[in-house]
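The values are calculated or read from the model by the stated rules, or taken from the named source; none is laboratory data. Since the model is a prediction, treat every value here as computed from it, not as a measurement. Positions of Cβ are backbone-derived with ideal geometry, glycine not excepted, and every protein chain shown enters the neighbour counts. The accessibility values were calculated without ligands, DNA or RNA, using every heavy atom of the protein model including side chains. Shrake-Rupley method; radii C 1.70, N 1.55, O 1.52, S 1.80 Å.
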Amino acid sequence: MKKRIDVRKLVVTAMLAAVSTVLMFFSFNVPLMPSFIKLDFSELPALLASFALGPVSGAAVCLVKNLVNVMFSTTGGVGELSNFILGCLFVVPAGLIYRHKRTAPGALLGSLLGALVMAGASVLTNYYVVYPIYTAFMPMEAILGTYRAINPHVETLWDALLWFNLPFTFLKGLCSVAMCFAIYKPLSPILKGNPRRAEQKNPEQA
């Protein structure tokens, strides 16, 4: 029985990873952000996996989608590495908290905390890893120029990251949280392998 459950968990994780991989390809620009910063919803399947199957499955979805997308990378894999780290910092805390408090408030607390951690970590990963490598292809002044075209008060990379990347990454996380809460309840029995059973007998349980 345990082997059968593990195989099913592996299959569902792989399916969610495939969906996440496709969603990562469909990134798009957003207003008031430099053109090289794009929005996608590829963390949504990872968050679903983390809630339904556990944080390890959520991290596995983040890993697979970036391993596939690195083959099409325009950043030498640096962007994908950063995406993997930030994705894990988002979905793993959410899954860990939900594991110990399996209610809607617990899921909300975990996902919001994960979004905050991801947003804060994005400043550090961009400042110390991503942008230093980008400067091999584009001078820092040119990078800052794309931010200054939107906000002339940007003087340093720290300014750019704190005023643009931090709120953008947090908003990206909130979008995944909102969509997850909209679809998780009807999908949960299917993801967990019991589609005939109503997921919640307790109205507060997520």
Any chance the stretch 41-60 includes a residue that's in contact with a strand residue (DSSP E or B) (Cβ under 8 Å, 6 or more places away or on another chain) and touching a residue at least 12 places away in the same chain (Cβ under 8 Å)?
-> no
State whether the residues of the stretch 27-47 include one that is of a type in the set (Gly, Ala, Ser) and modelled with pLDDT under 90.
-> yes
What do you reckon, is ARG8 under 23 Å from VAL92 (Cα atoms), modelled with pLDDT under 90 and open to solvent by 30 Å² or more (accessible area, probe 1.4 Å)?
-> yes
Restricting attention to the stretch 154-186, which residues are open to solvent by less than 50 Å² (accessible area, probe 1.4 Å) and either aromatic (Phe, Trp, Tyr) or in contact (Cβ under 8 Å) with a residue 60 or more places away in the chain (or both)?
-> PHE164, ASN165, PHE168, THR169, LYS172, GLY173, CYS175, SER176, VAL177, CYS180, TYR184
Listed by range, helices (runs of 4 or more DSSP H) wholly within the stretch 1-95 having at least 2 residues that are more than 14 Å from the chain's Cα centre (by Cα) are 2-25, 55-69
Cross-chain or 6+ apart pairs with Cβ under 6 Å, the stretch 108-128 first and closer than 15 Å to LEU44 by Cα, then assigned to a helix (DSSP H, G or I) and among the small types (Gly, Ala, Ser) | GLY110/ALA94; SER111/ALA94; GLY114/ALA94; ALA115/GLY173; MET118/GLY173
The residue that is surrounded by the most Cβ atoms within 10 Å (Cβ to Cβ), considering only those in the stretch 44-69 that are in contact with a Leu (Cβ under 8 Å, 6 or more places away or on another chain) and more than 20 Å from VAL117 (Cβ to Cβ), is ALA52
With criteria (1) open to solvent by 20 Å² or more (accessible area, probe 1.4 Å); (2) free of Cβ contacts under 8 Å to residues at least 40 places away in the same chain, GLY77 comes up short on (1)
With the checklist (1) more than 17 Å from PHE181 (Cα to Cα); (2) under 22 Å from the mean Cα position of the chain (by Cα) in hand, flag the one item ARG99 doesn't pass.
-> (1)
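The rows are residues; the columns are (1) open to solvent by less than 20 Å² (accessible area, probe 1.4 Å); (2) more than 30 Å from TYR131 (Cα to Cα); (3) touching a Phe, Trp or Tyr at 6+ places or on another chain (Cβ under 8 Å); (4) hydroxyl-bearing (Ser, Thr, Tyr).
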| residue | (1), (2), (3), (4) |
| --- | --- |
| ILE85 | no, no, no, no |
| LEU89 | no, no, no, no |
| ALA94 | yes, no, yes, no |
| ARG99 | no, yes, no, no |
| ARG102 | no, yes, no, no |
| LEU108 | no, yes, yes, no |
| GLY114 | yes, no, yes, no |
| VAL117 | no, no, yes, no |
